[in-house]
Amino acid sequence: MPESFWERLRAGLSRTREGLLGSLSATFQGQKTAELLTRLEEALLCADVGPEEARRIVTQVEEELPGRCTWEELLTVVEKILVAELAQAERPFSLSSGLAVLLFVGVNGSGKTTTVAKVGKWLLGCGRKPVLVAADTFRAAAIDQLRELGETVGLEVVAHQPGADPGAVVHDALVHARSVGYDIVLVDTAGRLQTKKPLMEELKKVCRVVEKFMNRGPDERVLVVDASVGQNAISQAQLFHAALGLTGLVLTKLDGTARGGAVLPVVQALGLPILWVGTGTGLDDLAPFRAEAFVQALLRG
Ligand SMILES: Nc1nc2c(ncn2[C@@H]2O[C@H](COP(=O)(O)OP(=O)(O)OP(=O)(O)O)[C@@H](O)[C@H]2O)c(=O)[nH]1
Ligand SMILES: [Mg+2]
């Protein structure tokens with residue numbers, strides 16, 4: 001992982017941070033605690049942590065800091081609460097030896113194709129042998145996009161013609177991976193609204209193809225979520241989870257959003273780990289999620 005990743009994350013989260021802390025630190029000068037807590041709750045809501053989360057955090061701050069406190073004390077308590085809540089979302093990515101399959105799903109434009117290439121590059125850096133699969137056969141451009149990204153990161157892309165059956169592409173990719181000796185198959189899928197049943201069925205079919213070949217479904221079923229959709233992420237995640245039994249999330253576009261706080265309700269609602277976070281369009285703009293580093297970047301900049 002490039003060392004500058006967290007610097008980029010800090011820069012990326014600056015809009016969330018400014019919304020969250022900018023108004024608060026101004027308020028802090030000489031106001032009563034009760035007023036400060038109201039402003040803290042408002043600021044948390046603006047960062048899209050959701051009403052329940054905001055209330056929970058404020059109540060806890062109230063308990064831990066009765067009476068007066070310094071700005072630093074307030075920050076430290078909020079930091080501690082957020083790290084404790086997000087720690088459950090940390091799950092370092094690890095795979096047993098042998099062939100593994102990672103399926104990436106999500107709504108249109110959430111960042112799936114870019115993420116597949118970024119994760120491929122990241123795995124390559126970990127000494128794995130990944131291959132990318134263009135199972136978004138819906139648009140010709142999607143296949144070309146993955147091919148180009150694959151070329152940039154130096155990974156082979158298995159693809160069929162536009163309009164082909166995604167299950168058939170995945171099957172071919174598995175056969176190919178086994179014969180060549182690839183150990184991780186990263187499957188890019190077409191964007192789809194979580195409410196479109198036939199399209200969700202198509203994903204289930206891809207899972208069945210993997211199951212038939214591997215005697216188990218995809219090792220990771222990863223929902224790629226655009227962090228800037230804020231609270232919307234919850235309903236997306238719930239419906240994809242109901243259809244596929246998700247194993248983890250990737251949170252993209254943490255750069256340039258003021259709604260980075262949405263990570264909290266998503267983690268609370270689903271209890272799913274965040275496997276990676278993405279902070280830019282570059283192919284190095286990805287890192288495993290770490291609660292402490294994330295909260296530091298969010299609050300301290
Ligand atoms: N700023 C920013 N842009 C990103 C990030 N990840 C992806 N993008 C951009 O978001 C746009 C959509 O990314 P794709 O990877 O094509 O998204 P997708 O989910 O594959 O889209 P569909 O296949 O159309 O559903 C592209 O312009 C990407 O460069 C990120 O972390 N930060
Ligand atoms: Mg795509």
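Where a number appears in this text, it was derived from the coordinates with a stated rule and is not lab data. Please read all numbers here as calculations on a predicted model, not as lab measurements. Don't worry about glycine lacking a Cβ; one is built from the backbone with ideal geometry, like all the others, and counts go over all protein chains shown.
Under the criterion of Cα pairs below 8 Å and six or more residues apart, the relative contact order for the range 20-125 equals 17 percent. Within the shell defined by Cβ-Cβ distances under 11 Å, the residues around A141 carry a net charge of -1, with Lys and Arg each +1 and Asp and Glu each -1. Count the net charge of all other residues whose Cβ sits under 11 Å from the Cβ of D255, scoring Lys and Arg as +1 and Asp and Glu as -1. Around D255, the surrounding residues sum to +3.
May I ask you to derive the relative contact order of the chain, considering only C-alpha pairs under 8 Å and at least 6 residues apart, and to give it as an integer percent? Across the chain, relative contact order equals 29 percent. Rounded, prolate or oblate: which one fits the range 184-227, using the alpha carbon gyration tensor with axes a ≥ b ≥ c (rounded when a/c is under 1.5, else prolate when a/b beats b/c, else oblate)? Here the range 184-227 falls in the oblate category. Only Cα pairs under 8 Å and 6+ residues apart enter the sum, and on that basis the relative contact order of the range 215-301 stands at 27 percent. Sorting T189, T152 from the fewest to the most surrounding beta carbons within 10 angstrom yields T152, T189.
Which of D219, D144, D136 has the fewest other C-beta atoms within 10 Å, and how do the rest follow up to the most?
In increasing order of surrounding Cβ atoms, one gets D144, D219, D136.
The trypsin sites (Lys or Arg not before Pro) found in the range 98-164 that occupy coil by DSSP, while having at most 14 further C-beta atoms within 10 Å, are R128, R139. Distance between the pseudo-spin-label points of K129 and T281 (7 Å out from Cα toward the beta carbon): 3.4 nm.
Separation of the range 104-173 and the range 240-255 by C-alpha centroid, Å? Rounded to whole Å, the Cα centres lie 17 Å apart. Spread over its residues, the convex hull of the C-alpha atoms of the chain is 116 Å³ per residue. Neighbours of E85 by Cβ distance under 9 Å: Lys/Arg scored +1, Asp/Glu scored -1, total 0.
Show that you can apply the helix-only estimate: for the chain, add -39,500 (n - 2.57) for every DSSP H stretch of four or more residues, divide by all residues, and state [θ] at 222 nm to the nearest 500. My calculation for the chain gives -15500 deg cm²/dmol from helical runs alone.
Structure note, pairs K118/K204; K121/K212; K212/K253; K129/K204; K80/K196: Cα-Cα distances above 30 angstrom occur for K212/K253; K80/K196. Fewest-first ordering of S25, S97, S14 by other beta carbons within 10 Å of each residue's beta carbon gives S97, S25, S14. Placing one equal scatterer on every Cα of the range 45-155 and applying the Debye formula, the log10 ratio I(q)/I(0) at q = 0.16, 0.17, 0.19, 0.21 Å⁻¹ is -0.84, -0.88, -0.97, -1.10.
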